[in-house]
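First comes the structure, then the notes that go with it.
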Amino acid sequence: RAKRSGRNRFVLFDDAMHQTAMGVLDMEQELRNALVRDEFVPWFQPLVRLGDEGVIGYEALLRWNHPERGVLTPGAFLKVAEDSGLIEGIDWRMFRLALEASRELVHDGSFITLNVSPRLFQHDDFDRRILALTHEVGFDPARLRLEVTEGTLLGDPDAVVATLQRLRDAKIEAALDDFGTGYSSLGHVHHFPLKMIKIDRSFITPFAAGVAPRSSAVIEAILALGNALGAEVVAEGIETRYQCEVLKAMGCVYGQGYLFAHPEPAEYWLAKQGR
Ligand code: C2E
Ligand code: MG
Ligand code: MG
Ligand code: MG
């Protein structure tokens, strides 16, 4: 049964189908093979200014170019990759490819973001390794932002702050991803040097014409927090014009979502930029 969901036309199976169709051990072996065969690639989705829909940067999103099953999204394999530790090798390969592609993709002050898995961030040489990678690839670290989740911040707070500060000293800023879904409280976030806060899409999705969901209070609180901390706030998962208008009216300046663009390979965006 092929699942077709809008523009994600290459996604042939959904997450649940995968977890049952394939045992965890088989999946681990497949992931190992995929690393050797170099089947992991970055796709990119723009982050935009809601005012004029101008692109301010691109988020690099991991895709698995599976030889039989087409292009797979992380939902189909990320959990096994994380539990097995294979995510570390996958992430480093993915980061290198994303930075290489971004040398052309990113210009005029725009940036790229990479999603960093919590276990990668925990290594004490993580900041040195990512900085070394930017030098190796020839990518300006000032144009790189790292997306971390609340789970990452929940580790040893002093160590996390120190790592984020060293990254900032090296011109690599951090974004807090999926904010509002984890266990960190609003009062906890100010300890961390963050350039950007991304409001989780679950707070945006409930907005439909004529509906004023309870999540609007959460969004307002996050916008106020961002203002107080001098951090940019991005609303994730904007799918409708209505959601975009409501967010603008609330004072949200940045967004991301299918309304503006789906994730696509680098070549797509380069062609679009006329390069
Ligand atoms: P995320 O970082 O929160 O990324 C946003 C996800 O929402 C992406 O799913 C994106 O394709 C999807 N999305 C964007 N706009 C919309 C929208 O308007 N509506 C809906 N329904 N979805 C939207 P994707 O690409 O499947 O990635 C899922 C998650 O996998 C990411 O969530 C991130 O946590 C993780 N991930 C992605 N790339 C990497 C990577 O390179 N390394 C690691 N460790 N994790 C990654
Ligand atoms: Mg992200
Ligand atoms: Mg997110
Ligand atoms: Mg998310």
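The values are calculated or read from the model by the stated rules, or taken from the named source; none is laboratory data. Only a predicted model underlies this, so the values are computations on that prediction, with no experimental measurement involved. Please note: Cβ atoms are built from the backbone with ideal geometry, for glycine as well, and neighbour counts cover all protein chains shown. Please note that ligands, DNA and RNA were not included when accessible areas were found on the heavy atoms of the full protein model with its side chains. Shrake-Rupley method; radii C 1.70, N 1.55, O 1.52, S 1.80 Å.
For region 248-261, what are the residues that are within 15 Å of ligand 4 (Cβ to nearest atom) and more than 21 Å from LEU186 (Cβ to Cβ)?
Residues satisfying the conditions are GLN256, GLY257, TYR258.
Mind checking which residues of region 227-247 are assigned to a strand (DSSP E or B) and more than 16 Å from ligand 4 (Cβ to nearest atom)?
Within region 227-247, just GLU232 meets the criteria.
Quickly run through region 262-275 and pick out the residues that are touching a helix residue (DSSP H, G or I) at 6+ places or on another chain (Cβ under 9 Å) and of a type in the set (Gly, Ala, Ser).
ALA266
If we keep just the residues of region 112-132 that are open to solvent by less than 10 Å² (accessible area, probe 1.4 Å) and more than 11 Å from ligand 1 (Cβ to nearest atom), which is nearest to the chain's Cα centre (by Cα)?
That would be ILE112.
Could you list, in sequence order, all residues of region 34-50 that are open to solvent by 30 Å² or more (accessible area, probe 1.4 Å) and either touching a Lys or Arg at 6+ places or on another chain (Cβ under 7 Å) or outside any loop (DSSP other than H, G, I, E, B) (or both)?
LEU35, VAL36, VAL41, TRP43, ARG49
Select from region 135-153 the residues that are surrounded by fewer than 21 Cβ atoms within 10 Å (Cβ to Cβ) and touching a Pro at 6+ places or on another chain (Cβ under 9 Å) and write down the one among them that is nearest to ALA221 (Cα to Cα).
GLY151
Can you find a residue that is of a type in the set (Lys, Arg), touching a Phe, Trp or Tyr at 6+ places or on another chain (Cβ under 7 Å) and either at pLDDT 95 or above or open to solvent by less than 20 Å² (accessible area, probe 1.4 Å) (or both) anywhere in region 232-242?
No, region 232-242 has no match at all.
Answer yes or no as to whether GLY182 is among the small types (Gly, Ala, Ser), within 18 Å of the chain's Cα centre (by Cα) and at pLDDT below 95.
Numbers: among the small types (Gly, Ala, Ser): yes; within 18 Å of the chain's Cα centre (by Cα): yes; at pLDDT below 95: yes.
So GLY182 fits the description; yes.
Among the residues of region 195-225, count how many are aromatic (Phe, Trp, Tyr) and in a loop (DSSP other than H, G, I, E, B).
So the count comes out to 1.
Return yes when LYS248 is away from ligand 2 (no atom under 14 Å from the Cβ) and either of a type in the set (Asp, Glu) or in contact (Cβ under 8 Å) with a residue 40 or more places away in the chain (or both) and no when it is not.
yes
Only residues that are open to solvent by 50 Å² or more (accessible area, probe 1.4 Å), closer than 23 Å to ARG128 by Cβ, in a helix (DSSP H, G or I) and of a type outside the set (Asp, Glu): list them for region 154-194, please.
Hits for region 154-194 are PRO157, GLN165, ARG166, ARG168, HIS191.
Kindly establish whether GLY237 is within 27 Å of PHE126 (Cα to Cα) and either out of contact with any Pro (no Cβ under 9 Å at 6 or more places or on another chain) or away from ligand 1 (no atom under 16 Å from the Cβ) (or both).
Against the criterion (within 27 Å of PHE126 (Cα to Cα) and either out of contact with any Pro (no Cβ under 9 Å at 6 or more places or on another chain) or away from ligand 1 (no atom under 16 Å from the Cβ) (or both)), GLY237 does not qualify.
Just to be sure I understand, how many residues within region 56-83 are in a loop (DSSP other than H, G, I, E, B) and without any contact (Cβ under 8 Å) to a residue 24 or more places away in the chain?
Of the residues in that region, 1 qualify.
Quick check on my filter: what residues within region 198-222 are open to solvent by less than 20 Å² (accessible area, probe 1.4 Å), in contact with a Gly (Cβ under 7 Å, 6 or more places away or on another chain) and either closer than 20 Å to ARG145 by Cβ or away from ligand 1 (no atom under 16 Å from the Cβ) (or both)?
If the condition is that a residue be open to solvent by less than 20 Å² (accessible area, probe 1.4 Å), in contact with a Gly (Cβ under 7 Å, 6 or more places away or on another chain) and either closer than 20 Å to ARG145 by Cβ or away from ligand 1 (no atom under 16 Å from the Cβ) (or both), then ILE199, ILE222 are the ones that fit.
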